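Have a look at the structure below, then the notes.
Read-outs: derived from the displayed coordinates by stated rules, not from any lab. Remember, predicted model here, so these are calculated numbers, not experimental data. Here the Cβ positions follow ideal geometry from the backbone for every residue, glycine too, while neighbour counts run over all protein chains shown.
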Amino acid sequence: MFKLPSKMHVNVNLPKEKRAYCPKCKTHQTMKVSVYKAGKRRGSAAGERRHAIRKKGYGGQKFPKLAKPAKTTKKVTLIETCTVCKKKMMNKGIRVRKFELVAV
């Protein structure tokens, strides 16, 4: 993974495939790169139920809604999938304004 200089939020183009170390195969293999997407939220989860209970009734929101968010960008987490053993590894997120996966 590459490092961006601090406080620089630029547009990033990364290849859809790259060679990287696979801990399961114990060698360098071709990896498919994809972007992590959060799953569907479950209303029956304990935290969701707790939040709904505390929000219910007179008094409104449990936490104040932010008028202006502090961050202007979101972190993009990459998932690398080994093409041989199909093991998936998640990379630490990089903070970029615009992110694209390009075919090389």
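Provide HIS28, HIS51 in ascending order of the number of other Cβ atoms located within 10 Å of each residue's Cβ, fewest first.
So the ranking, lowest neighbour count to highest, is HIS28, HIS51.
With everything on Cα atoms, drop me the angle between helix 46-55 and the longest principal axis of the chain, reported from 0 to 90° to the nearest 10.
Once rounded, one gets 30 degrees.
Taking the Cα centre of the stretch 11-102 as origin, work out the dipole magnitude from +1 charges on Lys and Arg Cβ and -1 charges on Asp and Glu Cβ, in debye rounded to 20.
It comes to approximately 440 debye.
Note down the relative contact order for the stretch 11-102 as a percent, whole number, built from C-alpha pairs under 8 angstrom at least six residues apart.
About 40 percent, as a whole number.
Based solely on its DSSP helices, what 222 nm [θ] is calculated for the chain when runs of n ≥ 4 H residues each add -39,500 (n - 2.57) and the sum is averaged over all residues, nearest 500 deg cm²/dmol?
-3000 deg cm²/dmol
For a quick check: sort TYR36, TYR58 by the number of other beta carbons within 10 angstrom, fewest at the front.
Exposure proxy ranking, most exposed first: TYR58, TYR36.
Kindly list the residues of the stretch 9-32 that lie in the label zone of LYS87, defined by a backbone N under 17 Å from the point 7 Å along the Cα-to-C-beta vector.
18-32
Any of LYS18/LYS87; LYS26/LYS87; LYS16/LYS86; LYS75/LYS98; LYS68/LYS98 with alpha carbons more than 18 Å apart? Name them for me.
Among LYS18/LYS87; LYS26/LYS87; LYS16/LYS86; LYS75/LYS98; LYS68/LYS98, the Cα-Cα distance tops 18 Å for LYS68/LYS98.
What are the ³J(HN,Hα) couplings of the stretch 90-100, residue after residue, when phi is run through the Karplus curve with 6.51, -1.76, 1.60 and θ = phi - 60°? Round to Hz, x for glycine and proline.
Once θ is set to phi - 60°, the couplings for the stretch 90-100 become 9, 9, 4, x, 10, 8, 9, 6, 9, 10, 9 Hz.
Assuming a viscosity of 1.002 mPa s and a temperature of 20 °C, what translational diffusion coefficient in µm² per second does Stokes-Einstein assign to the stretch 38-104, Rh being the Kirkwood radius over Cα pairs?
131
Skipping prolines and chain starts, which residues have an amide H placed within reach, meaning under 5 Å, of the one on LYS87, given they are 5 or more residues away or on another chain?
Those lying under 5 Å, H to H, from LYS87 are CYS82.
Once both labels are modelled 7 Å past Cα along the beta-carbon direction, what's the ASN11-THR30 spacing in nm?
2.8
Which percentage, to the nearest 5, of the DSSP beta bridges contained in the chain is antiparallel?
75
Positive end of the charge dipole of the stretch 11-102 (Lys, Arg +1 and Asp, Glu -1 on Cβ, about the Cα centre): tell me which of GLY47, SER34, ALA70 has its Cα farthest that way.
Of GLY47, SER34, ALA70, it is GLY47.
Using the count of nearby Cβ atoms within 10 Å as a rough guide to exposure, how do ARG95, ARG49 rank from fewest to most?
Starting with the residue having the fewest Cβ neighbours, the order is ARG49, ARG95.
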